[in-house]
Amino acid sequence: MGEKIPGLTRILFIGDIVGKPGRLAVRTLLPQLVGSKEIDFVIANGENGAGVAGLTPKVADELLENGVDVLTSGNHIWRKKEIEPYLEESSRLLRPANYPAGVVGKGHAILKTAGGTSIGVINLEGRVFMSPLESPFRVGDELIGRLSEKTKIIVVDFHAEATSEKQALGWYFDGRVSAVVGTHTHVQTADEQIRASGTAYITDVGMTGATESIIGIRKEEAIAQLISQTPKRFTAAKGGLQLQAVLLDVSPETGRTETIERIRLSVDE
């Protein structure tokens, strides 16, 4: 991606942040990325920011203080019970919107860039190979209708397991949102695209954490569980740092995404 195009809003979406290595990658790599790429707004999935599953208020604050504007999440956000009051109070930490009525937290937000541009963010969770939640298609329909009355730019984090479900939701929202970005699998896919409608899509934005790992956890622990078929306690891996993300240039006038770029940065820990 070349120089920023005048008049467009540049959004960075960071893939699932895993444990202390992921937080260190954000602290180390995000400031220089924001400066060099002239980024206006940063979204990050933070549901694995504390340990390898869950998020605490302290970790959420750390990520927000280190340059993230809004945190999305997924099925692991409930692992740390102390996050529930924070979810209820904060407008900068989201949980998937398609949990049942009465569940704490919010599934969408509209926030502003430093320049005053409004950006809508919707967090949804998939159902294939996951919990039988409310339909992300129907819930997303309702939220897009509401948010589109207030902003042209809408970015959807679809936290889902199945590639087919992610692709289906991407096509279902085609032309109605600026981008559908997949999270949860921690493996960055190479299918980033901008449809004719102006909606950007990628199946999974990737993972931010230890390079020498299996989706952010210690290799030995993941392999031991797969061999033994018995539960193991997972911990965050060590060995190199990586930040994976996508960079979007979006028109605040039309909501169309004009460019999309995959980001893969790494550095020694």
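The values are calculated or read from the model by the stated rules, or taken from the named source; none is laboratory data. Everything numeric here is computed off the predicted structure, so don't read it as measured data. Methodologically, a virtual Cβ is constructed for each residue, glycine included, from the backbone with ideal geometry; neighbour enumeration extends over all protein chains shown. Side chains are part of the model used for accessible areas, which takes the heavy atoms of the whole protein and leaves out ligands, DNA and RNA. Shrake-Rupley method; radii C 1.70, N 1.55, O 1.52, S 1.80 Å.
What is the packing order of peptides 196-203, 163-170, 217-224, taking the mean over residues of other C-beta atoms within 10 Å and listing the highest first?
On the way: 196-203: 20.4, 163-170: 18.8, 217-224: 16.1.
Result, highest mean Cβ count within 10 Å first: 196-203, 163-170, 217-224.
Using the 2.2 N^0.38 Å rule of thumb for compact globular proteins, work out how region 121-191 stacks up: its C-alpha Rg over that value, please.
The value comes to 1.06.
Show that you can apply the helix-only estimate: for the chain, add -39,500 (n - 2.57) for every DSSP H stretch of four or more residues, divide by all residues, and state [θ] at 222 nm to the nearest 500.
It lands at -7500 deg cm²/dmol.
For LYS112, list the lysines whose Cα falls under 16 Å from its own Cα; do not include residues on the same chain fewer than 8 positions away.
LYS150, LYS152
Tell me the per residue accessible area of the chain using a 1.4 Å probe; a whole number in Å² is fine.
Accessible surface, normalised per residue, equals 43 Å².
How many angstrom lie between the C-alpha centres of region 241-260 and region 143-220?
12
Name the shape class, rounded, prolate or oblate, that the alpha-carbon gyration tensor gives for region 149-269, where a ≥ b ≥ c are the square roots of its eigenvalues, rounded holds for a/c under 1.5, and otherwise prolate holds if a/b is larger than b/c and oblate otherwise.
In terms of gyration-tensor shape, prolate.
Show me 143-154, 229-240 ranked by packing, highest mean number of other Cβ atoms within 10 Å first. Write down the numbers at each step before the final one.
On the way: 143-154: 17.3, 229-240: 14.0.
Ranking, from highest mean packing down: 143-154, 229-240.
Need one number for region 63-190: average projected area of the convex hull over its C-alpha atoms, nm².
With the hull built on Cα positions only, its mean projection is 8.5 nm².
Which listed residue (GLY145, VAL70, ALA179) has the Cα farthest towards the positive end of the charge dipole for region 56-179, taking +1 on Lys and Arg C-beta and -1 on Asp and Glu C-beta about the Cα centre?
Of the options given, the answer is GLY145.
Give me log10 I(q)/I(0) at q = 0.15, 0.16, 0.19 Å⁻¹ for region 168-209, Debye formula, one equal scatterer per alpha-carbon, no solvent.
Cα-only, vacuum Debye calculation for region 168-209: -0.34, -0.38, -0.52.
Please report the relative contact order for region 194-269, taking Cα pairs under 8 Å with a sequence separation of at least 6, and give it as a percent rounded to a whole number.
RCO, region 194-269: 32 percent.
Quick one: putting +1 on the C-beta of Lys and Arg, -1 on the C-beta of Asp and Glu, what dipole do you get for region 175-269 around its Cα centre, in Debye to the nearest 20? Intermediate values should be presented prior to the final figure.
On the way: 10 positive and 12 negative charges, 74 e Å.
Roughly 360 debye, rounded to the nearest 20.
Would you mind putting 42-48, 82-88 in packing order, based on average other-beta-carbon counts within 10 Å, highest first?
Going by the mean number of other Cβ atoms within 10 Å, highest first, we get 42-48, 82-88.
Report, in debye and to the nearest 20, how large the dipole of region 8-53 comes out about its Cα centre when Lys and Arg carry +1 and Asp and Glu carry -1 on their Cβ.
160
Hey, what angle do you get for helix 19-37 against the long axis of the chain, alpha-carbon based, 0 to 90 degrees rounded to 10?
Value to nearest ten degrees: 30.
Given 10 °C and 1.306 mPa s, compute D for the chain with the Stokes-Einstein relation, Rh being the Kirkwood radius over Cα pairs; round to the nearest whole µm²/s.
Numbers: Rh = 18.3 Å.
Estimated diffusion coefficient is 87 µm²/s.
Under the classification rounded if a/c is under 1.5, otherwise prolate if a/b is larger than b/c and oblate if not, where does region 26-119 fall, given a ≥ b ≥ c as square roots of the Cα gyration tensor eigenvalues?
oblate
Of all the accessible heavy-atom surface of region 1-95, with the other protein chains kept in place and a 1.4 Å probe, what percent is carbon and sulfur?
Its accessible area is 49 percent carbon and sulfur atoms.
Work out the length of the dipole vector of the chain about its Cα centre, built from +1 on the beta-carbon of each Lys and Arg and -1 on the beta-carbon of each Asp and Glu, and round it to the nearest 20 debye.
Once rounded to the nearest 20, the dipole reads 320 debye.
Among LYS4/LYS37; LYS166/LYS232; LYS37/LYS238, which pairs are too far apart, with a Cα-Cα distance over 18 Å?
With Cα atoms farther than 18 Å apart: LYS166/LYS232; LYS37/LYS238.
For region 1-63, evaluate the Debye formula with one uniform point scatterer on each Cα (no solvent term) and list log10 I(q)/I(0) at q = 0.23 Å⁻¹, rounded to two decimals.
Rounded to two decimals, the profile gives -0.92.
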